[in-house]
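Working notes, beginning with the structure itself.
The values are calculated or read from the model by the stated rules, or taken from the named source; none is laboratory data. Computed from a predicted model, the values in this text were never measured in an experiment. All Cβ positions, even for glycine, are placed from backbone atoms using ideal geometry, and neighbour counts span all protein chains on display.
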Amino acid sequence: MKKVMKVIAAGIVCTCIFCFGKAIRDKTAKVYQQFCEETEPEEWIDFNYWQNRNADVYAWIRIPGTKIDYPVVQGDEDGYYLSHDIDKESNIYGAIYTEKVNGKDFSSPNTVLYGHHMKDGSMFGCLDKYLDRDYFEKYNEVFLFTPEEKRTYHIIAAYEHPAEHILTSYDFSTTEGINDYLRQIPDFVADSGGVIQDETEITPPLLTLSTCTRNDKQKRCLVQGILVECEKKNQEE
C-alpha cells in the first residue's frame with residue numbers, strides 16, 4: 001500500500017511539474033506571439049510600447065524565418081535577465097540581453113547578445129542549427145532595431161567556443177587587439193568544425209549571439225555577423 005501511495009504521489013508531483021513548466025512556456029510565448037504575428041520582417045518596432053512595459057528594453061533582434069524575434073534588454077545587474085523575463089518576473093526562459101561592458105548604441109567592436117538555449121527552440125534555441133551549412137546560408141540576415149535605426153547584419157561564422165567571457169578574455173580596447181581577435185575567428189571555426197562564410201572580410205563592428213551548447217557545459221555556441229547596412233528611422237514614422 002505504501003508503495004502504491006508513493007507511486008501516486010510521484011505521479012502527482014510529475015504532473016504538477018509538467019503543468020507548471022507548460023504554464024511558463026505558454027506565458028512566455030504569449031508575451032511575443034501576437035506582436036510577432038502582426039509584424040512584417042522589416043517593420044519598425046513600437047519602442048514606446050515596449051519601453052513603457054520595461055524601461056530596460058533598448059533594442060530588438062529579428063532573424064526572419066527563425067523563432068528569434070525578441071526585445072533586447074540591459075539591466076543594472078548583468079545576470080538579472082538570465083532568470084527574469086521581459087516583465088521582470090522570475091522565468092527560466094530569461095530574456096535576450098547584453099551586459100554593461102557593451103554600450104547600447106552597438107558601436108562596440110563586438111556586441112554580445114546572450115540568450116538561453118531552450119529545448120522548444122525559443123529564445124536562442126535555434127543557434128546550434130547554424131552549425132549546418134544549409135541552415136547557415138538560408139537564414140543569414142539579422143535585423144537589429146533601436147528607436148533610432150535599423151541595423152542589418154550578415155552572418156559570417158557559427159561555431160562552438162570555450163565558455164570564456166569573450167569581452168574580457170580578448171582585448172577590444174585597441175585596434176591591434178581587435179584585429180588580432182578577428183584574425184582568430186577562422187581558426188575558432190576550423191578547430192570546432194563550425195561554419196564560416198567563404199571569402200568574406202571580417203570587420204568590426206561584430207554582432208555575436210551566444211548560448212549554451214546542448215551537451216557540453218564548458219562550451220558556448222556562437223553565431224557572428226558583420227554590419228552591412230544601417231538605416232536611420234524616419235522621424236515621421
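Check off (1) in a loop (DSSP other than H, G, I, E, B); (2) under 30 Å from TYR49 (Cβ atoms) for CYS230 and give me the number that stays unchecked.
That leaves (1) as the condition not met.
Please verify whether region 129-141 includes one or more residues that are of a type in the set (Phe, Trp, Tyr) and under 23 Å from TYR58 (Cα atoms).
From region 129-141, those of a type in the set (Phe, Trp, Tyr) are 130, 135-136, 139; that's our starting set.
From what is left, the residues that are under 23 Å from TYR58 (Cα atoms) are none.
Within region 129-141 (the criterion being of a type in the set (Phe, Trp, Tyr) and under 23 Å from TYR58 (Cα atoms)), the answer is no, since none of the residues qualifies.
Specify the residue that is nearest to GLU231 (Cα to Cα); the eligible residues are those in region 45-59 that are charged (D, E, K, R) and touching a residue at least 12 places away in the same chain (Cβ under 8 Å).
Filtering region 45-59 for residues charged (D, E, K, R) gives 46, 53, 56.
Applying the additional criterion that residues be touching a residue at least 12 places away in the same chain (Cβ under 8 Å) yields 53, 56.
Working: ARG53: 25, ASP56: 23 Å.
Filtering region 45-59 for residues that are charged (D, E, K, R) and touching a residue at least 12 places away in the same chain (Cβ under 8 Å), the one nearest to GLU231 (Cα to Cα) comes out as ASP56.
Report, by residue number, each residue of region 159-179 that is farther than 13 Å from LEU206 by Cβ and buried (at least 16 other Cβ atoms within 10 Å of the Cβ).
Hits for region 159-179 are TYR159, GLU160, HIS161.
In the list TYR70, TYR58, which residue meets the criterion of being farther than 16 Å from LEU209 by Cβ, under 15 Å from the mean Cα position of the chain (by Cα), assigned to a strand (DSSP E or B) and at pLDDT 95 or above?
On the way: TYR70 fails: farther than 16 Å from LEU209 by Cβ.
Exactly one of TYR70, TYR58 is farther than 16 Å from LEU209 by Cβ, under 15 Å from the mean Cα position of the chain (by Cα), assigned to a strand (DSSP E or B) and at pLDDT 95 or above, namely TYR58.
Please go through region 85-116 and pick out each residue that is within 25 Å of THR203 (Cβ to Cβ), of a type in the set (Phe, Trp, Tyr) and out of contact with any Phe, Trp or Tyr (no Cβ under 7 Å at 6 or more places or on another chain).
Answer for region 85-116, where residues must be within 25 Å of THR203 (Cβ to Cβ), of a type in the set (Phe, Trp, Tyr) and out of contact with any Phe, Trp or Tyr (no Cβ under 7 Å at 6 or more places or on another chain): just PHE106.
Hey, can you tell me all the residues within region 210-219 that are more than 17 Å from the chain's Cα centre (by Cα) and touching a residue at least 12 places away in the same chain (Cβ under 8 Å)?
First, the residues of region 210-219 that are more than 17 Å from the chain's Cα centre (by Cα): 215-218.
Hits for region 210-219 are ASP216, LYS217, GLN218.
Looking at LEU222, LEU167, LEU207, LEU182, which is the one that is under 21 Å from the mean Cα position of the chain (by Cα), touching a residue at least 60 places away in the same chain (Cβ under 8 Å) and assigned to a helix (DSSP H, G or I)?
Numbers: LEU222 fails: assigned to a helix (DSSP H, G or I); LEU207 fails: assigned to a helix (DSSP H, G or I); LEU182 fails: touching a residue at least 60 places away in the same chain (Cβ under 8 Å).
Within the list LEU222, LEU167, LEU207, LEU182, the selection yields LEU167.
With ASP87, ASP128 as the choices, which residue is in a loop (DSSP other than H, G, I, E, B) and acidic (Asp, Glu)?
Details: ASP128 fails: in a loop (DSSP other than H, G, I, E, B).
Just a single option satisfies the conditions, and that option is ASP87.
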